[in-house]
Amino acid sequence: MNNRTAAAAHERIDILEKDLIAMQTAIKLQFRDLFSRVKRLETIMLTAFGATLGLLVAVLMKMG
């Protein structure tokens, strides 16, 4: 019932190591996806800022 041998400990560690590698792979994929989404959002925000600035300059040029 109580397996407290070195071999049993090594088996548990091997199982945990496989789970850890699987989790690291999943996290890498999620961060890659998150990074691409943030990059896309940054591009959209910079484009919107550029368009707003361009419209503001156009309005100021017409006034002057």
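Of I13, T43, I27, which is farthest towards the positive pole of the stretch 12-52's charge dipole, taken about the Cα centre with +1 and -1 on the beta-carbons of Lys, Arg and Asp, Glu respectively? Projecting each Cα onto the dipole axis, the largest value belongs to T43. Basic side chains Lys and Arg get +1 at the Cβ, acidic Asp and Glu get -1 at the Cβ, and with that the dipole of the chain about its Cα centre reaches some 300 debye. V38 exposes around 80 Å² of accessible area when a 1.4 Å probe is run over every protein chain in place. Carbon and sulfur together cover what percent of the accessible area of the chain at a 1.4 Å probe radius? Answer for the chain is 69 percent, counting heavy atoms of protein chains only.
For K39, the lysines whose Cα comes closer than 20 Å to its Cα, not counting residues fewer than 8 places off in the same chain, are K28.
Rolling a 1.4 angstrom probe over the protein heavy atoms with all chains in place gives the chain an accessible area of 100 Å² per residue. Between N3 and T52, the modelled label-to-label distance comes to 6.1 nm, taking each label 7 Å out from Cα in the direction of the beta carbon. Which one, (i) 90; (ii) 81; (iii) 145, gives volume of the Cα convex hull per residue in Å³ as derived from the coordinates shown? From the options (i) 90; (ii) 81; (iii) 145, the structure gives (i).
If the segment from A26 to R40 were pulled out straight at 0.36 nm per residue, it would be longer than the present Cα-Cα gap by 2.9 nm.
Net charge of the neighbourhood of T5, taken over other residues with C-beta under 15 Å away and scored Lys/Arg +1, Asp/Glu -1, is 0. Relative to the longest principal axis of the Cα atoms of the chain, the long axis of helix 6-63 lies at roughly 0 degrees.
The values are calculated or read from the model by the stated rules, or taken from the named source; none is laboratory data. Computed from a predicted model, the values in this text were never measured in an experiment. Cβ sites come from the backbone with ideal geometry, for glycine too, and all protein chains shown count toward neighbours. Areas reflect the complete protein model, heavy atoms only, side chains present, ligands, DNA and RNA absent. Shrake-Rupley method; radii C 1.70, N 1.55, O 1.52, S 1.80 Å.
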